[in-house]
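Participant: Just passing along the structure, written as structure tokens.
Derivation of every value follows stated rules applied to the coordinates shown; laboratory data play no part. Predicted model only: the values in this text are computed from it and were never measured. In this analysis, Cβ positions are derived from the backbone assuming ideal geometry, glycine residues included, and neighbour counts consider all displayed protein chains.
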Amino acid sequence: MDFDQNPKEGSRNIVRLDEAEDRLSRQQIREMADIYHLAVEDLDEKKIIHSKMRDKKILNVFREIRTKLMQKVGGKNFTLLVTSISQGGGATFVSTNLAASFALDHGKTALMVDCNIYAPSNDQLIDGADLGFSDYLQDPSISMEEIIYATGIPRLRLVPAGSATDLGPEYYTSYRMQQFVEELQGRYADRYVVIDAPPIGSTADARILAELCDFVTIVVPYGMVTSEQVKTAIESVPSDKLVGVIFNN
Amino acid sequence: MDFVFILQLARAGFRELWLHRYAALFGGFAIAVVILVYGMFWQEKYTVSTSLYADQQNIIAPLLQGQAQVTKVEDQLEIVKDLMLSNRILEQIVKGEDYLNGIEDPAQQSSIINGLRARVEVQSLGKNYIGVSFADVSPDRAYNLVTQLVDLFIKESSANKRGQSKQAFLFIEKQVASYKEQLRQAEDRLKEFNASNLDGDEGRVQGNIEGLRQNIADLELDLGQASERVKSFESQVTQEDRYLSRKARSEEFRERIAEAVTQLDNLKLSYTSRHPDVIALEEHIKALRGAASKPVSVGSSGDSTVRGVENPVFDELRGALASAKVERDTLTSRLTSMRARLGEERERASRIAERDAELAELTRDYSVTKGLYEDLLNSKEKARLSMTLDIEGQGVTYKIQEPAKYPLFATGLRFIHFALAGILAAIVVPIGLIISYIFLDPRIRFSNAIEEQFDVPLLGEIPHLVSNPIKRMRKVDVRLFVFMGLVCVALYASTAAFYLIWM
């Protein structure tokens with residue numbers, strides 16, 4: 001059984017709140033873990049890395065990317081936005097596995113937020129999630145706990161895209177959205193948030209979301225985009241936030 | 001292009017090939033089939049070749065070195081080509097073979113002959129060897145053509161050469177006759193000229209002129225002397241006449257004065273000067289001297305005795321003067337005649353110079369014609385020898401070195417080559433197209449392109465991950481693809497084999 005660790009710093013109030021969260025989440029996790037326990041075969045099938053996988057090469061690549069990111073921030077947690085240049089560029093695959101690579105570490109947890117509301121793809125990780133990120137933004141009565149799901153992968157949780165697909169970019173700029181991102185990252189010092197954003201080349205969503213995140217990484221898919229497209233994508237992201245590109249074969 | 005890039009390229013190429021596997025498979029198959037079908041329609045060719053030996057090193061050639069012209073083989077290739085591929089020979093072959101197929105139109109016949117000419121290859125195979133080869137879809141036709149061509153050529157070439165050397169001989173003979181005539185004319189002209197030339201040669205005339213000049217100089221000297229003598233005699237004759245009268249009177253006075261002086265001297269020995277005799281004598285001498293110094297007056301009574309005296313010297317002088325005058329006149333007339341002769345001789349000398357120029361021209365004509373005539377005579381003898389050599393068959397002769405063999409196998413490209421080329425093209429063309437597609441397509445396929453072009457770090461390159469269900473699907477794909485591939489190969493191989501065995 002895995003638990004999120006308590007943050008070591010912060011005010012008394014926050015600690016108390018965390019303890020309450022902790023108790024709640026422990027309970028939830030216990031229940032969820034009983035429901036979902038993904039076997040090695042399932043992980044392989046879903047193309048998610050795990051420590052026992054036979055193809056160590058891909059595992060090492062993600063570990064290396066994780067290490068590079070950790071070095072960049074000096075051990076603190078952060079919010080990372082993963083976006084592709086074109087549709088089907090593999091941003092979901094990269095963000096899922098990047099989140100999974102953080103979760104490989106027993107001292108860290110990872111949360112993946114599927115912001116790709118036009119083409120939600122994280123259904124493969126969890127079945128029957130009725131509420132998600134878009135519902136949360138639209139309906140203030142929905143609490144954050146209701147949209148965070150366990151995935152069956154130790155220490156990895158997921159916020160699915162949700163059912164409201166008519167969400168406009170104005171929601172991303174709302175205070176609720178900002179608060180949502182801050183809370184996700186700020187609640188636990190060892191939680192790494194990975195946001196799977198829509199392709200940067202096709203909508204403005206990724207650019208708006210980038211404002212809320214600490215870092216942005218762009219996924220360049222094999223044989224799908226030209227240098228010009230890559231250049232445009234790189235220029236549309238603030239250079240202090242862009243940590244680098246990932247080439248996806 | 002380093003190794004890593006080649007590896008990347010190979011990987012990308014393989015990946016693209018897999019993505020477009022059916023296009024590649026069927027495209028390659030189509031290309032192979034097109035080449036195979038082309039190969040089916042390709043007409044295999046049978047080549048027949050033979051080689052000729054041009055025999056010029058027979059025993060006679062060295063013996064006649066420089067005497068008779070033995071035709072050389074080095075310059076023969078063109079001659080052989082010209083003769084072998086001449087219309088005369090090719091027409092015979094075309095008429096004998098089934099090339100014409102009843103075509104009567106001369107233009108068409110000529111184009112068939114030209115086509116045949118272009119296909120026959122005549123080439124030098126090194127010293128003295130000439131190769132002839134011909135390729136045709138029908139082995140019979142190729143064999144017949146080459147054998148006939150070579151036979152006809154050998155016959156024609158000896159006849160031709162005989163004719164040529166005979167013509168050469170006849171030509172030279174004609175030339176010799178014409179030069180002989182010219183030479184005879186030159187000789188006649190020279191003879192005529194010599195006959196009409198009576199002035200003698202220049203040397204003799206010059207000698208004459210020299211002699212005449214000398215004589216004239218001598219005569220002139222003699223004449224000068226004679227004139228001088230005449231002048232001197234003339235003056236002497238005049239002087240002698242006057243001198244004789246004066247001398248008689250003065251002599252008389254001088255003797256009478258000397259007598260008186262002697263008498264006076266005697267008297268003075270015995271008498272003083274106051275002696276009357278002495279004074280009288282001195283008066284006498286004075287009177288004598290006065291008379292002596294007085295000029296003679298002709299006709300005076302005192303001279304009549306002197307003029308009457310005969311003077312023999314005067315007569316003698318007059319005789320000498322007359323003979324001197326005769327001599328002077330003789331010399332003058334001789335000089336005149338000598339001068340006239342000198343003028344004549346000079347005229348003759350200039351006449352001789354003119355004639356000499358004419359003679360030189362005639363002589364030159366003669367000697368040039370003579371030289372040419374002699375050369376031609378030599379040539380004529382050489383030509384006669386060459387002609388004899390050719391008639392006897394001793395000049396350059398052509399022998400068949402390697403006879404033509406009936407062709408059992410086709411040469412050049414055959415159906416099997418096309419079948420193999422089809423397989424090769426089916427493999428190479430799709431791969432080449434894919435690689436050019438990778439190079440031409442601007443989309444990014446290599447991770448290092450990002451690092452090179454943008455100032456953004458590359459966090460990582462995620463290898464291609466294939467999940468299990470996709471792997472399973474891929475297995476099916478691979479099986480299907482391999483099956484399709486095998487079907488294509490089987491179709492191709494069976495078609496090729498069927499054609500090879502049955503056609």
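Participant: When only DSSP loop residues count, what chymotrypsin sites (Phe, Trp or Tyr not before Pro) in the range B:357-412 have their Cβ near at most 14 other Cβ atoms within 10 Å?
Facilitator: Details: sites: B:TYR366, B:TYR373, B:TYR398, B:PHE409; in loops: B:PHE409.
Of the chymotrypsin sites (Phe, Trp or Tyr not before Pro), the ones in loops of the range B:357-412 whose Cβ has at most 14 other Cβ atoms within 10 Å are B:PHE409.
Participant: What ranking of A:VAL216, A:VAL94 emerges when the number of other C-beta atoms within 10 Å of each C-beta is taken as an exposure proxy, fewest first? Before the final figure, lay out each step's value.
Facilitator: Working: A:VAL216 30, A:VAL94 26.
Sorted ascending by nearby Cβ count, the order is A:VAL94, A:VAL216.
Participant: Also: How shielded is B:6-19 by partner chains, expressed as the average number of their Cβ atoms within 10 Å of its Cβ atoms? Please report the intermediate quantities before stating the final value.
Facilitator: Numbers: counts 0, 0, 0, 0, 0, 1, 3, 0, 0, 3, 1, 0, 0, 1.
Other-chain Cβ atoms within 10 Å of each residue's Cβ, averaged: 1.
Participant: Okay, next question. To the nearest 10 degrees, how steep is helix B:276-293 against the longest Cα principal axis of chain B, on a 0 to 90 scale?
Facilitator: 40
Participant: Looking at the protein assembly as shown from every direction and averaging, what is the projected area of its Cα convex hull in nm²?
Facilitator: Working: hull surface 427.0 nm².
Here the figure is 106.8 nm², rounded to one decimal.
Participant: Next question, about the same structure. Out of every Cα pair in the range A:26-248, what percent are spaced more than 29 Å from each other? Working shown, then result.
Facilitator: Working: 4973 of 24753 pairs.
Roughly 20 percent, rounded to a whole number.
Participant: Right, here's the next one. Answer with one residue from B:GLY211, B:GLY126, B:GLY422: the one whose Cα lies farthest towards the positive end of the charge dipole of chain B, charges on Cβ with Lys, Arg +1 and Asp, Glu -1.
Facilitator: Positive-most Cα among the choices belongs to B:GLY422.
Participant: Does the range B:74-172 come out rounded, prolate or oblate, given a ≥ b ≥ c as the square roots of the eigenvalues of its C-alpha gyration tensor, rounded meaning a/c under 1.5 and, failing that, prolate meaning a/b above b/c?
Facilitator: Values: a/c = 2.38, a/b = 1.45, b/c = 1.64.
Since a/c reaches 1.5 but b/c is at least a/b, the shape of the range B:74-172 is classed as oblate.
Participant: List the trypsin sites (Lys or Arg not before Pro) in the range A:67-109 that DSSP assigns to loop (not H, G, I, E or B) and whose Cβ has at most 13 other Cβ atoms within 10 Å. Which are they?
Facilitator: Values: sites: A:LYS68, A:LYS72, A:LYS76, A:LYS108; in loops: A:LYS76, A:LYS108.
Passing both the DSSP loop test and the Cβ count: A:LYS76.
Participant: Just check chain B against the gyration tensor rule for me: Cα atoms, a ≥ b ≥ c as the square roots of the eigenvalues, rounded for a/c under 1.5, and otherwise prolate or oblate depending on whether a/b exceeds b/c. Kindly include the intermediate steps, with their values, before the conclusion.
Facilitator: Numbers: a/c = 8.85, a/b = 3.17, b/c = 2.79.
Prolate is the answer for chain B, as a/c is 1.5 or above and a/b outweighs b/c.
Participant: Quick one: helix B:21-41 against the long Cα principal axis of chain B, what's the angle to the nearest 10°, folded into 0 to 90?
Facilitator: The angle comes out near 60 degrees.
Participant: Follow-up. So how tilted is helix B:312-392 from the main axis of chain B? Cα-based, degrees 0 to 90, rounded to 10.
Facilitator: For helix B:312-392, the angle is close to 10 degrees.
Participant: Specify the longest stretch of chain B that does not include any exposed loop site, a site being one of the trypsin sites (Lys or Arg not before Pro) with a non-H, G, I, E, B DSSP assignment and at most 14 other Cβ atoms within 10 Å.
Facilitator: Working: sites that count: B:LYS72, B:LYS127, B:ARG274, B:LYS405.
The answer is B:128-273.
Participant: For the residues B:ASP136, B:ASP188, B:ASP199, B:ASP390, what sequence is obtained by ranking on other C-beta atoms within 10 Å, fewest first? Before the final figure, lay out the partial values.
Facilitator: Values: B:ASP136 20, B:ASP188 11, B:ASP199 14, B:ASP390 26.
If I rank by nearby Cβ atoms, fewest first, I get B:ASP188, B:ASP199, B:ASP136, B:ASP390.
Participant: Summing -39500 (n - 2.57) over the DSSP H runs of n ≥ 4 in chain B and dividing by its residue number, what mean residue ellipticity at 222 nm do you reach, to the nearest 500 deg cm²/dmol? Mind dumping the intermediate values first?
Facilitator: On the way: 14 runs with 373 residues, N = 503.
Rounded to the nearest 500, it is -26500 deg cm²/dmol.
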